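J.: One structure follows; several queries about it will come next.
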Amino acid sequence: MSPPKAGFSFRCIGCCLLSATAARDFRCAQCNNLLEITDPSWKLSSLNATALKSMWRERRSSNATLDLSGVWRFRELLPVPDSVQQVVTLREGNTPLYELPLSSRITGVSRLYGKHQGMNPTGSFKDAGMTVAATFARQAGYRWVACASTGNTSASMAAYAARGGMRSLVLVPEGKISWSKLSQALDYGALTCQLRTDFDGCLRLLQELVRRAPVYQLNSINPFRLEGQKTLALELLEQLDWQPPDHIVLPGGNLGNSSAIGKALLEMLDIGLISHLPKLSVIQAEGANSLVRTLREAEGKRLISVPAETRATAIRIGNPASWEKAVKVIQATGGACEQVSEVEIAQAKAEIGAEGVGCEPASAVTLAGLKKLVRQGFVKPDETVVLVLTGNLLKDPDFTMEFHRGDLFRGTPHERAADSLKALRHPPIVLDATLDAVIQTLERAEKSDPAHPNAKPNA
Ligand code: F0G
């Protein structure tokens, strides 16, 4: 099977200049703003919405390489390489949409779902974008790909580079990313540099590097990444039988994902795949709230950078590259932008864990943010809400262990507030290896925790 013919071009989000090629820094030659990919064929009448929906569904029973990928299955709305042989894929996408009954009870929102992007091959949503960007890096003949990262991008890039026969250079802030993510990059064979700076410092350096050395930039400034990440929204809508939810809530860091999902929603509306837009809301950590402040204090007209600090290290970003794209899609869909505290994040993460689903701290800002949006009346209890869970629970075991042992906030200004989370903690218990000890522990747990969310009478 050959993919449809490539007919895309790059469009500057500032001055709208169209170009057939992009410079290595993916910035507009005229005004230096970010680029996005556009393809007039996406709007042609030949793209009949009903035919597309049934073709995409049919591909789920096909064993062809492109059809097995939950990204390339939607290739009619993606830039496609010259030949299928160029495609670098790990069968990304096809992620589950879970009902979240406990979170539903907590928030009062009756139809609440989690779209779990942490179930991707490297454990985060990055894979959906990486398959497309790595494919175009390979087609362009690059030997080296590179990124700055808070961890997940580097893990994903390293994996796709390895699959595509390319070498990868990772720039991460020293001591500020989880071991789990760092170890992935090492195992996939990346040249990994821990720089004595923060994520924003790493990204600045990378952008200088790509102007000087023949390396291909795989940060979300790269618009091919965002094209792949669009498929999250396509797949979600397919899972909901093309009935748009009222709200999609997702975490905001460098703001590539918000931009990608927003772009997908607007394109879907344009083509007639959906009849109206869900509201897209972005949640940040209070300590990395650049977009919140940009919207509140500057009406989204200029970026307000912040020194970023949060234990949700994936979104520890103070100078988000795609802020302008994100502002546009929040405003176009009528969404909101909120911030949540460190304690609220930890609580929401434990609550998503108690669903038997689990996620990494950055993903949990969605549930914490939803609680606020419900309190504000922005989200109504009878509306349908989808939380985008961006990363797998296993991505940050240190956070999880420290939380359950009661160490996460020890010696921090949040220590007192975190006392309220005691009931959610389940620390491991060291016992003598005797039956009595285990039975006593079991009985104590039953007595002390009769209202445990999963407590059911024994059969
Ligand atoms: N959630 C997780 C788990 C992430 O890893 C990231 C970003 C985000 C949310 C925010 O997404 O940047 O598109 O707004 N991680 C990047 C990285 C920055 O390097 O792994 P965004």
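J.: What about Gln347, is it open to solvent by 30 Å² or more (accessible area, probe 1.4 Å), out of contact with any strand residue (DSSP E or B) (no Cβ under 7 Å at 6 or more places or on another chain), more than 14 Å from the ligand (Cβ to nearest atom) and more than 17 Å from Ala362 (Cβ to Cβ)? Step through it out loud before you land on a result.
T.: Values: open to solvent by 30 Å² or more (accessible area, probe 1.4 Å): yes; out of contact with any strand residue (DSSP E or B) (no Cβ under 7 Å at 6 or more places or on another chain): yes; more than 14 Å from the ligand (Cβ to nearest atom): yes; more than 17 Å from Ala362 (Cβ to Cβ): no.
No.
J.: Continuing with this model, one more query. Ala185 versus (1) assigned to a loop (DSSP other than H, G, I, E, B); (2) free of Cβ contacts under 8 Å to residues at least 40 places away in the same chain; (3) of a type outside the set (Phe, Trp, Tyr); (4) within 11 Å of the ligand (Cβ to nearest atom): which is the lone unmet condition?
T.: (1)
J.: Filter the stretch 63-80 down to the residues that are crowded, with 20+ Cβ neighbours inside 10 Å and outside any helix (DSSP H, G or I), then identify the one that is farthest from the chain's Cα centre (by Cα).
T.: Restricting to residues being crowded, with 20+ Cβ neighbours inside 10 Å and outside any helix (DSSP H, G or I), the top hit is Val80.
J.: Could you identify the single residue in His414, His404 that is more than 16 Å from the ligand (Cβ to nearest atom), touching a His at 6+ places or on another chain (Cβ under 6 Å) and open to solvent by 20 Å² or more (accessible area, probe 1.4 Å)?
T.: Going through His414, His404 in turn, the sole match is His404.
J.: In addition: From (1) more than 17 Å from Ala326 (Cβ to Cβ); (2) within 15 Å of the ligand (Cβ to nearest atom), pick out the condition that doesn't hold for Asn257.
T.: (1)
J.: Separate question: Please specify each residue of the stretch 301-344 satisfying the condition of being among the small types (Gly, Ala, Ser) and part of a helix (DSSP H, G or I). If you could, list the steps in order and put the result at the bottom.
T.: Taking the stretch 301-344 and keeping what is among the small types (Gly, Ala, Ser), we get 305, 308, 312, 314, 318, 321-322, 326, 332, 334-336, 341.
Result: Ala314, Ala326, Ala332.
J.: Sticking with this structure for a sec: For the structure I just gave you, tell me whether Arg91 is modelled with pLDDT under 95 and not in a helix (DSSP H, G or I).
T.: Values: modelled with pLDDT under 95: no; not in a helix (DSSP H, G or I): yes.
Judged against the criteria, Arg91 is not a match.
J.: Then there's this: Would you mind telling me which numbered condition in (1) surrounded by fewer than 24 Cβ atoms within 10 Å (Cβ to Cβ); (2) touching a residue at least 60 places away in the same chain (Cβ under 8 Å) Glu99 fails?
T.: (2)
J.: Still on this structure, please answer the following. Being open to solvent by less than 20 Å² (accessible area, probe 1.4 Å) and either away from the ligand (no atom under 14 Å from the Cβ) or of a type outside the set (Val, Ile, Thr) (or both) narrows it down to one residue among Ser322, Ser275; which is it? Outline the logic, then answer.
T.: On the way: Ser275 fails: open to solvent by less than 20 Å² (accessible area, probe 1.4 Å).
None of the others qualify; the one that does is Ser322.
J.: Does Leu373 meet the test of being open to solvent by less than 10 Å² (accessible area, probe 1.4 Å), in contact (Cβ under 8 Å) with a residue 24 or more places away in the chain, within 18 Å of Gly335 (Cβ to Cβ) and touching a His at 6+ places or on another chain (Cβ under 8 Å)?
T.: Details: open to solvent by less than 10 Å² (accessible area, probe 1.4 Å): yes; in contact (Cβ under 8 Å) with a residue 24 or more places away in the chain: yes; within 18 Å of Gly335 (Cβ to Cβ): yes; touching a His at 6+ places or on another chain (Cβ under 8 Å): yes.
Judged against the criteria, Leu373 is a match.
J.: How many of the residues making up the stretch 168-182 are in a helix (DSSP H, G or I), open to solvent by 40 Å² or more (accessible area, probe 1.4 Å) and in contact with a strand residue (DSSP E or B) (Cβ under 8 Å, 6 or more places away or on another chain)? Full working, then the answer.
T.: Going through the stretch 168-182, the residues in a helix (DSSP H, G or I) turn out to be 179-182.
Those left that are additionally open to solvent by 40 Å² or more (accessible area, probe 1.4 Å): 179.
Narrowing further to those that are in contact with a strand residue (DSSP E or B) (Cβ under 8 Å, 6 or more places away or on another chain): none.
Matching residues across the stretch 168-182 total 0.
J.: Give the residue that is surrounded by the fewest Cβ atoms within 10 Å (Cβ to Cβ), with candidates limited to residues of the stretch 112-138 that are more than 10 Å from the ligand (Cβ to nearest atom) and charged (D, E, K, R).
T.: Filtering the stretch 112-138 for residues more than 10 Å from the ligand (Cβ to nearest atom) gives 112-116, 119-122, 127-128, 130-138.
Pick out the ones that are also charged (D, E, K, R) and you get 115, 127, 138.
Numbers: Lys115: 27, Asp127: 31, Arg138: 22.
Checked the stretch 112-138; the qualifying residue surrounded by the fewest Cβ atoms within 10 Å (Cβ to Cβ) is Arg138.
J.: Looking at Thr38 and the list (1) open to solvent by 50 Å² or more (accessible area, probe 1.4 Å); (2) closer than 23 Å to Ala264 by Cα; (3) out of contact with any Cys (no Cβ under 7 Å at 6 or more places or on another chain); (4) not small (Gly, Ala, Ser), which single condition is not satisfied?
T.: Unmet for Thr38, out of (1) open to solvent by 50 Å² or more (accessible area, probe 1.4 Å); (2) closer than 23 Å to Ala264 by Cα; (3) out of contact with any Cys (no Cβ under 7 Å at 6 or more places or on another chain); (4) not small (Gly, Ala, Ser): (1).
J.: Hey, any hits in the stretch 209-218 for a residue that's at pLDDT 95 or above, within 12 Å of the ligand (Cβ to nearest atom) and not in a loop (DSSP other than H, G, I, E, B)?
T.: No, that holds for no residue.
J.: So, one more: Quick check: is even one residue across the stretch 232-241 touching a residue at least 12 places away in the same chain (Cβ under 8 Å), among the polar types (S, T, N, Q), part of a helix (DSSP H, G or I) and away from the ligand (no atom under 16 Å from the Cβ)?
T.: Narrowing the stretch 232-241 to residues touching a residue at least 12 places away in the same chain (Cβ under 8 Å): 232-240.
This time we only want the ones that are among the polar types (S, T, N, Q), so: 239.
Those left that are additionally part of a helix (DSSP H, G or I): 239.
Cutting the leftovers down to away from the ligand (no atom under 16 Å from the Cβ) gives us 239.
Within the stretch 232-241, one or more residues are touching a residue at least 12 places away in the same chain (Cβ under 8 Å), among the polar types (S, T, N, Q), part of a helix (DSSP H, G or I) and away from the ligand (no atom under 16 Å from the Cβ).
J.: Could you tell me which of the residues Ala146, Ala161, Ala155 is touching a residue at least 60 places away in the same chain (Cβ under 8 Å) and on the phi < 0 side of the Ramachandran plot?
T.: Ala146
J.: Same structure, new question: Looking at the stretch 139-156 only, could you name the residues that are crowded, with 24+ Cβ neighbours inside 10 Å and either in a helix (DSSP H, G or I) or at pLDDT below 95 (or both)?
T.: Of the stretch 139-156, the ones crowded, with 24+ Cβ neighbours inside 10 Å are 145-156.
Of everything in the stretch 139-156, those that are crowded, with 24+ Cβ neighbours inside 10 Å and either in a helix (DSSP H, G or I) or at pLDDT below 95 (or both) turn out to be Asn152, Thr153, Ser154, Ala155, Ser156.
J.: While we're here: What about Ile429, is it more than 30 Å from Leu97 (Cα to Cα), in contact with a helix residue (DSSP H, G or I) (Cβ under 7 Å, 6 or more places away or on another chain) and at pLDDT 95 or above?
T.: Working: more than 30 Å from Leu97 (Cα to Cα): yes; in contact with a helix residue (DSSP H, G or I) (Cβ under 7 Å, 6 or more places away or on another chain): yes; at pLDDT 95 or above: yes.
Against the criterion (more than 30 Å from Leu97 (Cα to Cα), in contact with a helix residue (DSSP H, G or I) (Cβ under 7 Å, 6 or more places away or on another chain) and at pLDDT 95 or above), Ile429 qualifies.
The values are calculated or read from the model by the stated rules, or taken from the named source; none is laboratory data. What you are looking at is a predicted structure, and each value in this text was computed from that prediction instead of being measured. So basically every Cβ, Gly included, is an ideal-geometry build from the backbone, and we count neighbours across all protein chains shown. SASA here: full protein model, heavy atoms, side chains in, ligands and nucleic acids out. Shrake-Rupley method; radii C 1.70, N 1.55, O 1.52, S 1.80 Å.
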